[in-house]
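A short worksheet on the structure shown next.
The values are calculated or read from the model by the stated rules, or taken from the named source; none is laboratory data. What you see is a predicted model, and the numbers here were worked out from it, not measured in a lab. In this analysis, Cβ positions are derived from the backbone assuming ideal geometry, glycine residues included, and neighbour counts consider all displayed protein chains.
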(Lines give C-alpha, C1' and ligand atoms only; values in the text may rest on other atoms or scores of the structure.)
Protein backbone atom coordinates (compact mmCIF):
# COMPACT_ATOMS: atom_id res chain seq x y z
CA UNK A 1 0.00 0.00 0.00
CA UNK A 2 1.38 3.44 -0.90
CA UNK A 3 2.36 5.70 1.99
CA UNK A 4 -0.27 8.30 1.06
CA UNK A 5 -3.07 5.72 1.11
CA UNK A 6 -1.85 4.39 4.44
CA UNK A 7 -1.95 7.88 5.95
CA UNK A 8 -5.50 8.46 4.67
CA UNK A 9 -6.67 5.18 6.17
CA UNK A 10 -4.90 5.97 9.45
CA UNK A 11 -6.54 9.37 9.68
CA UNK A 12 -9.94 7.80 9.17
CA UNK A 13 -9.24 5.15 11.78
CA UNK A 14 -8.31 7.86 14.26
CA UNK A 15 -11.56 9.66 13.48
CA UNK A 16 -13.53 6.46 14.09
CA UNK A 17 -11.72 6.00 17.37
CA UNK A 18 -12.95 9.43 18.33
CA UNK A 19 -16.50 8.26 17.79
CA UNK A 20 -16.12 5.36 20.15
CA UNK A 21 -14.34 7.34 22.83
CA UNK A 22 -14.14 10.88 24.15
CA UNK A 23 -15.93 13.23 21.78
CA UNK A 24 -14.39 16.66 22.04
CA UNK A 25 -17.08 18.50 20.10
CA UNK A 26 -20.39 17.20 21.40
CA UNK A 27 -22.73 20.12 21.94
CA UNK A 28 -26.37 21.00 22.06
CA UNK A 29 -25.88 23.85 19.61
CA UNK A 30 -22.82 25.42 18.05
CA UNK A 31 -22.27 28.51 15.92
CA UNK A 32 -20.84 28.07 12.42
CA UNK A 33 -17.06 28.20 12.12
CA UNK A 34 -15.84 30.90 9.75
CA UNK A 35 -12.16 30.11 10.32
CA UNK A 36 -12.34 26.94 8.21
CA UNK A 37 -14.54 28.34 5.48
CA UNK A 38 -11.68 28.72 2.99
CA UNK A 39 -10.00 25.36 3.65
CA UNK A 40 -10.58 22.58 1.11
CA UNK A 41 -12.66 19.78 2.57
CA UNK A 42 -10.34 16.86 2.01
CA UNK A 43 -10.65 13.92 4.40
CA UNK A 44 -8.36 15.44 7.03
CA UNK A 45 -10.24 18.76 7.06
CA UNK A 46 -13.58 16.92 7.07
CA UNK A 47 -12.63 14.88 10.13
CA UNK A 48 -11.28 17.97 11.89
CA UNK A 49 -14.44 19.97 11.17
CA UNK A 50 -16.90 17.34 12.39
CA UNK A 51 -19.19 18.32 15.25
CA UNK A 52 -21.74 16.42 17.29
CA UNK A 53 -25.15 17.54 18.51
CA UNK A 54 -26.47 15.73 21.58
CA UNK A 55 -30.11 14.78 21.00
CA UNK A 56 -32.56 12.13 22.16
CA UNK A 57 -31.71 10.27 18.95
CA UNK A 58 -28.03 10.12 19.87
CA UNK A 59 -24.99 12.26 19.11
CA UNK A 60 -25.59 13.47 15.56
CA UNK A 61 -22.43 14.04 13.50
CA UNK A 62 -22.54 17.01 11.18
CA UNK A 63 -20.48 19.56 9.27
CA UNK A 64 -21.25 23.25 9.78
CA UNK A 65 -19.54 25.67 7.41
CA UNK A 66 -20.29 29.22 6.31
CA UNK A 67 -22.81 31.75 7.62
CA UNK A 68 -26.23 33.23 6.90
CA UNK A 69 -29.33 31.34 5.76
CA UNK A 70 -28.87 27.60 6.20
CA UNK A 71 -28.79 24.89 3.54
CA UNK A 72 -29.25 21.29 4.68
CA UNK A 73 -27.45 18.58 2.68
CA UNK A 74 -28.85 15.03 2.87
CA UNK A 75 -26.50 12.29 1.70
CA UNK A 76 -27.15 8.96 0.01
CA UNK A 77 -26.75 5.32 1.05
CA UNK A 78 -24.28 3.99 2.18
CA UNK A 79 -22.36 7.28 2.18
CA UNK A 80 -22.17 10.12 4.68
CA UNK A 81 -21.86 13.90 4.63
CA UNK A 82 -18.41 13.67 2.99
CA UNK A 83 -20.41 13.19 -0.23
CA UNK A 84 -21.15 16.94 -0.21
CA UNK A 85 -17.59 18.24 0.35
CA UNK A 86 -17.30 19.76 -3.12
CA UNK A 87 -20.71 21.41 -2.99
CA UNK A 88 -20.04 22.76 0.51
CA UNK A 89 -16.77 24.33 -0.64
CA UNK A 90 -18.60 26.10 -3.45
CA UNK A 91 -21.72 27.14 -1.54
CA UNK A 92 -20.40 28.06 1.92
CA UNK A 93 -19.65 31.64 0.74
CA UNK A 94 -23.41 32.03 0.18
CA UNK A 95 -25.05 29.87 2.87
CA UNK A 96 -24.46 28.24 6.21
CA UNK A 97 -23.92 24.66 5.05
CA UNK A 98 -25.18 21.95 7.43
CA UNK A 99 -24.43 18.35 6.41
CA UNK A 100 -25.43 15.67 8.96
CA UNK A 101 -24.80 11.94 8.92
CA UNK A 102 -27.99 9.89 9.05
CA UNK A 103 -28.49 7.51 11.95
CA UNK A 104 -26.85 4.19 11.11
CA UNK A 105 -24.41 5.69 8.59
CA UNK A 106 -21.32 7.85 8.85
CA UNK A 107 -20.10 9.05 12.21
CA UNK A 108 -23.38 9.60 14.04
CA UNK A 109 -23.70 7.78 17.39
CA UNK A 110 -27.16 6.29 17.61
CA UNK A 111 -29.05 6.06 20.91
CA UNK A 112 -29.75 2.52 22.11
CA UNK A 113 -32.99 1.15 20.71
CA UNK A 114 -33.49 4.10 18.36
CA UNK A 115 -35.52 3.50 15.20
CA UNK A 116 -33.68 3.97 11.91
CA UNK A 117 -36.87 4.30 9.85
CA UNK A 118 -37.06 7.19 7.38
CA UNK A 119 -39.70 8.93 9.51
CA UNK A 120 -37.35 8.78 12.51
CA UNK A 121 -34.53 10.19 10.38
CA UNK A 122 -36.73 13.18 9.49
CA UNK A 123 -37.63 13.70 13.15
CA UNK A 124 -33.91 13.66 13.93
CA UNK A 125 -33.25 16.32 11.28
CA UNK A 126 -35.93 18.57 12.77
CA UNK A 127 -34.43 18.15 16.23
CA UNK A 128 -30.94 18.90 14.91
CA UNK A 129 -32.13 22.11 13.28
CA UNK A 130 -33.87 23.12 16.50
CA UNK A 131 -30.66 22.48 18.47
CA UNK A 132 -28.81 24.69 16.02
CA UNK A 133 -31.54 27.40 16.22
CA UNK A 134 -32.27 27.07 12.49
CA UNK A 135 -35.88 27.74 11.55
CA UNK A 136 -35.83 27.30 7.78
CA UNK A 137 -33.49 25.69 5.26
CA UNK A 138 -32.79 25.17 1.62
CA UNK A 139 -32.73 21.40 1.08
CA UNK A 140 -30.27 19.60 -1.22
CA UNK A 141 -30.53 15.81 -1.35
CA UNK A 142 -29.48 12.64 -3.16
CA UNK A 143 -30.55 8.98 -3.16
CA UNK A 144 -32.11 7.92 0.19
CA UNK A 145 -31.46 11.48 1.34
CA UNK A 146 -33.95 12.53 -1.34
CA UNK A 147 -36.50 10.21 0.21
CA UNK A 148 -36.00 11.94 3.56
CA UNK A 149 -36.19 15.35 1.86
CA UNK A 150 -39.59 14.56 0.37
CA UNK A 151 -40.89 13.42 3.77
CA UNK A 152 -39.46 16.59 5.30
CA UNK A 153 -41.27 18.80 2.78
CA UNK A 154 -44.52 16.86 3.19
CA UNK A 155 -44.46 17.10 6.99
CA UNK A 156 -42.71 20.42 7.58
CA UNK A 157 -43.30 22.60 4.50
CA UNK A 158 -43.01 25.79 6.55
CA UNK A 159 -39.37 24.98 7.28
CA UNK A 160 -38.23 24.61 3.65
CA UNK A 161 -37.40 27.58 1.39
CA UNK A 162 -36.23 25.62 -1.66
CA UNK A 163 -35.59 22.00 -2.64
CA UNK A 164 -32.91 20.68 -5.01
CA UNK A 165 -33.30 16.95 -5.70
CA UNK A 166 -30.97 14.62 -7.58
CA UNK A 167 -31.46 10.93 -8.35
CA UNK A 168 -33.50 9.47 -5.49
CA UNK A 169 -36.48 7.41 -4.35
CA UNK A 170 -39.96 8.37 -5.48
CA UNK A 171 -43.42 7.29 -4.35
CA UNK A 172 -43.59 4.96 -7.35
CA UNK A 173 -40.09 3.49 -6.87
CA UNK A 174 -39.03 3.02 -3.26
CA UNK A 175 -37.08 0.95 -2.61
CA UNK A 176 -35.70 0.46 -6.13
CA UNK A 177 -35.28 -3.11 -7.35
CA UNK A 178 -31.49 -2.85 -7.09
CA UNK A 179 -31.85 -2.65 -3.30
CA UNK A 180 -33.42 -6.13 -3.03
CA UNK A 181 -30.14 -8.09 -2.55
CA UNK A 182 -28.85 -5.45 -0.12
CA UNK A 183 -31.98 -5.63 2.00
CA UNK A 184 -32.01 -9.44 1.91
CA UNK A 185 -28.44 -9.63 3.19
CA UNK A 186 -29.01 -6.86 5.72
CA UNK A 187 -31.93 -8.79 7.23
CA UNK A 188 -29.40 -11.55 7.94
CA UNK A 189 -26.95 -8.95 9.33
CA UNK A 190 -24.56 -9.93 6.52
CA UNK A 191 -24.62 -7.04 4.06
CA UNK A 192 -21.82 -5.05 5.73
CA UNK A 193 -19.63 -8.14 6.05
CA UNK A 194 -20.16 -9.28 2.47
CA UNK A 195 -20.18 -5.92 0.64
CA UNK A 196 -18.84 -3.02 2.69
CA UNK A 197 -15.98 -4.75 4.52
CA UNK A 198 -14.29 -6.02 1.31
CA UNK A 199 -14.64 -2.58 -0.29
CA UNK A 200 -13.19 -0.88 2.78
CA UNK A 201 -10.25 -3.25 2.78
CA UNK A 202 -9.59 -2.89 -0.97
CA UNK A 203 -10.46 0.49 -2.55
CA UNK A 204 -9.61 -0.89 -5.99
CA UNK A 205 -12.33 -3.51 -5.51
CA UNK A 206 -14.73 -0.76 -4.45
CA UNK A 207 -14.05 0.99 -7.78
CA UNK A 208 -14.34 -2.18 -9.86
CA UNK A 209 -17.25 -3.77 -11.69
CA UNK A 210 -17.93 -5.70 -8.47
CA UNK A 211 -17.98 -2.54 -6.38
CA UNK A 212 -19.94 0.60 -5.70
CA UNK A 213 -17.83 2.50 -8.24
CA UNK A 214 -19.18 0.86 -11.38
CA UNK A 215 -22.69 0.83 -9.92
CA UNK A 216 -22.94 4.45 -8.85
CA UNK A 217 -20.11 6.58 -10.32
CA UNK A 218 -19.36 7.59 -13.90
CA UNK A 219 -15.64 8.20 -13.36
CA UNK A 220 -13.74 4.91 -12.88
CA UNK A 221 -11.38 6.75 -10.50
CA UNK A 222 -14.25 7.11 -8.01
CA UNK A 223 -14.73 6.63 -5.17
CA UNK A 224 -11.24 7.79 -4.27
CA UNK A 225 -9.16 5.99 -1.66
CA UNK A 226 -9.91 8.68 0.90
CA UNK A 227 -13.62 8.54 0.10
CA UNK A 228 -13.68 4.75 0.53
CA UNK A 229 -11.96 5.12 3.90
CA UNK A 230 -14.19 7.98 5.04
CA UNK A 231 -17.43 6.31 3.98
CA UNK A 232 -16.84 2.71 5.01
CA UNK A 233 -14.40 2.67 7.94
CA UNK A 234 -17.02 3.75 10.48
CA UNK A 235 -19.50 1.15 9.20
CA UNK A 236 -17.11 -1.76 9.90
CA UNK A 237 -15.46 -0.33 13.02
CA UNK A 238 -17.42 -2.35 15.62
CA UNK A 239 -20.05 -5.10 15.66
CA UNK A 240 -22.58 -2.51 16.83
CA UNK A 241 -21.80 -0.20 13.91
CA UNK A 242 -22.13 -3.11 11.47
CA UNK A 243 -25.53 -3.94 12.95
CA UNK A 244 -26.66 -0.32 12.67
CA UNK A 245 -25.61 -0.07 9.01
CA UNK A 246 -27.48 -3.28 8.27
CA UNK A 247 -30.42 -1.84 10.17
CA UNK A 248 -30.42 1.28 8.01
CA UNK A 249 -30.72 -0.90 4.90
CA UNK A 250 -33.52 -2.99 6.43
CA UNK A 251 -35.42 0.20 7.28
CA UNK A 252 -35.50 1.04 3.57
CA UNK A 253 -37.51 -2.09 2.76
CA UNK A 254 -40.83 -0.31 3.33
CA UNK A 255 -41.88 2.56 1.07
CA UNK A 256 -42.43 5.57 3.39
CA UNK A 257 -43.48 7.84 0.51
CA UNK A 258 -46.83 6.17 -0.06
CA UNK A 259 -49.57 8.67 0.61
CA UNK A 260 -47.55 11.90 0.41
CA UNK A 261 -48.63 12.82 -3.14
CA UNK A 262 -51.28 15.30 -2.00
CA UNK A 263 -48.84 17.07 0.34
CA UNK A 264 -46.21 17.40 -2.39
CA UNK A 265 -48.80 18.68 -4.84
CA UNK A 266 -49.88 21.33 -2.32
CA UNK A 267 -46.29 22.35 -1.72
CA UNK A 268 -45.30 25.86 -2.74
CA UNK A 269 -41.60 25.15 -2.20
CA UNK A 270 -39.63 25.95 -5.38
CA UNK A 271 -38.28 22.56 -6.42
CA UNK A 272 -35.62 21.75 -9.00
CA UNK A 273 -34.71 18.23 -10.17
CA UNK A 274 -31.33 17.34 -11.69
CA UNK A 275 -30.99 13.76 -12.90
CA UNK A 276 -28.07 11.58 -13.94
CA UNK A 277 -29.38 9.79 -17.02
CA UNK A 278 -26.93 6.83 -16.85
CA UNK A 279 -28.18 5.83 -13.40
CA UNK A 280 -28.85 2.09 -13.16
CA UNK A 281 -30.67 2.39 -9.80
CA UNK A 282 -33.29 5.07 -10.50
CA UNK A 283 -34.81 5.46 -13.97
CA UNK A 284 -35.37 8.69 -15.93
CA UNK A 285 -39.11 8.13 -15.43
CA UNK A 286 -38.57 8.78 -11.71
CA UNK A 287 -37.40 12.29 -12.57
CA UNK A 288 -40.51 12.84 -14.66
CA UNK A 289 -42.66 11.63 -11.77
CA UNK A 290 -41.05 14.12 -9.37
CA UNK A 291 -41.52 16.94 -11.86
CA UNK A 292 -45.25 16.20 -11.93
CA UNK A 293 -45.49 15.48 -8.20
CA UNK A 294 -44.41 18.87 -6.84
CA UNK A 295 -46.78 21.80 -6.92
CA UNK A 296 -43.98 24.26 -7.64
CA UNK A 297 -41.54 22.28 -9.77
CA UNK A 298 -38.96 24.29 -11.67
CA UNK A 299 -38.37 21.46 -14.12
CA UNK A 300 -35.78 18.77 -14.75
CA UNK A 301 -32.18 19.11 -15.89
CA UNK A 302 -30.79 15.91 -17.40
CA UNK A 303 -27.10 15.00 -17.15
CA UNK A 304 -26.07 12.57 -19.87
CA UNK A 305 -23.59 9.95 -18.72
CA UNK A 306 -23.97 10.66 -15.00
CA UNK A 307 -24.92 7.98 -12.46
CA UNK A 308 -26.49 7.93 -9.00
CA UNK A 309 -23.75 9.70 -7.07
CA UNK A 310 -23.11 12.39 -9.65
CA UNK A 311 -23.39 15.20 -7.00
CA UNK A 312 -20.05 14.02 -5.61
CA UNK A 313 -18.45 14.01 -9.05
CA UNK A 314 -20.05 17.21 -10.36
CA UNK A 315 -20.29 19.66 -7.45
CA UNK A 316 -20.16 22.59 -9.87
CA UNK A 317 -23.58 21.53 -11.17
CA UNK A 318 -24.99 21.41 -7.63
CA UNK A 319 -23.59 24.87 -6.91
CA UNK A 320 -24.87 26.31 -10.20
CA UNK A 321 -28.37 24.91 -9.77
CA UNK A 322 -28.58 25.88 -6.11
CA UNK A 323 -27.55 29.47 -6.73
CA UNK A 324 -30.08 29.79 -9.55
CA UNK A 325 -32.79 28.35 -7.32
CA UNK A 326 -31.86 30.75 -4.53
CA UNK A 327 -31.58 33.76 -6.84
CA UNK A 328 -27.96 34.35 -5.81
CA UNK A 329 -25.69 35.85 -8.46
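For every residue, the table says whether it meets (1) modelled with pLDDT under 95; (2) in a helix (DSSP H, G or I); (3) surrounded by fewer than 24 Cβ atoms within 10 Å (Cβ to Cβ); (4) in contact with a strand residue (DSSP E or B) (Cβ under 6 Å, 6 or more places away or on another chain).
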position	(1), (2), (3), (4)
198	no, yes, yes, no
206	no, yes, no, no
214	no, yes, yes, no
221	no, no, yes, no
226	no, yes, yes, no
229	no, yes, no, no
234	no, yes, no, no
240	no, yes, yes, no
243	no, yes, yes, no
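Considering region 66-89 alone, what residues qualify as being assigned to a strand (DSSP E or B) and either surrounded by fewer than 24 Cβ atoms within 10 Å (Cβ to Cβ) or on the phi > 0 side of the Ramachandran plot (or both)?
Selection gives 70 alone.
Do we find a residue being within 30 Å of residue 207 (Cα to Cα) and in a helix (DSSP H, G or I) anywhere in region 266-277?
No: zero hits.
Regarding residue 18, is this residue surrounded by 15 or more Cβ atoms within 10 Å (Cβ to Cβ), modelled with pLDDT under 95 and at negative phi? Can you show your working first?
Working: surrounded by 15 or more Cβ atoms within 10 Å (Cβ to Cβ): yes; modelled with pLDDT under 95: yes; at negative phi: yes.
For residue 18, the condition - surrounded by 15 or more Cβ atoms within 10 Å (Cβ to Cβ), modelled with pLDDT under 95 and at negative phi - is met.
Filter region 291-313 down to residues that are in contact with a strand residue (DSSP E or B) (Cβ under 6 Å, 6 or more places away or on another chain) and assigned to a helix (DSSP H, G or I) and give me whichever is nearest to residue 43 (Cα to Cα).
311
How many of the residues in region 260-280 are out of contact with any strand residue (DSSP E or B) (no Cβ under 7 Å at 6 or more places or on another chain) and touching a residue at least 12 places away in the same chain (Cβ under 8 Å)?
10
At pLDDT 95 or above, in a loop (DSSP other than H, G, I, E, B) and either in contact with a helix residue (DSSP H, G or I) (Cβ under 9 Å, 6 or more places away or on another chain) or more than 29 Å from residue 201 (Cβ to Cβ) (or both): does that describe residue 93?
Yes, satisfied.
For residue 154, which of the numbered conditions (1) part of a helix (DSSP H, G or I); (2) within 30 Å of residue 44 (Cα to Cα) fails to hold?
Failing condition for residue 154: (2).
Under 6 Å between Cβ atoms, which residue pairs at least 6 apart in sequence (or on different chains) link something in region 291-314 that is at positive phi and surrounded by fewer than 17 Cβ atoms within 10 Å (Cβ to Cβ) with a partner that is assigned to a loop (DSSP other than H, G, I, E, B) and at pLDDT 95 or above?
The qualifying pairs are 305/218; 305/278.
Looking at 90, 96, 131, 161, which is the one that is touching a residue at least 24 places away in the same chain (Cβ under 8 Å), within 25 Å of residue 247 (Cβ to Cβ) and more than 16 Å from the chain's Cα centre (by Cα)?
131
Quick test for you: out of 151, 105, 129, pick the one residue that is surrounded by 17 or more Cβ atoms within 10 Å (Cβ to Cβ), closer than 16 Å to residue 56 by Cβ and either modelled with pLDDT of 95 or more or in contact with a helix residue (DSSP H, G or I) (Cβ under 7 Å, 6 or more places away or on another chain) (or both).
Only one candidate passes the filter, namely 129.
In region 197-220, what residues are in contact with a helix residue (DSSP H, G or I) (Cβ under 7 Å, 6 or more places away or on another chain), closer than 19 Å to residue 280 by Cβ and in contact (Cβ under 8 Å) with a residue 12 or more places away in the chain?
Within region 197-220, 199, 206, 207, 211, 212, 217, 218, 219, 220 meet the criteria.
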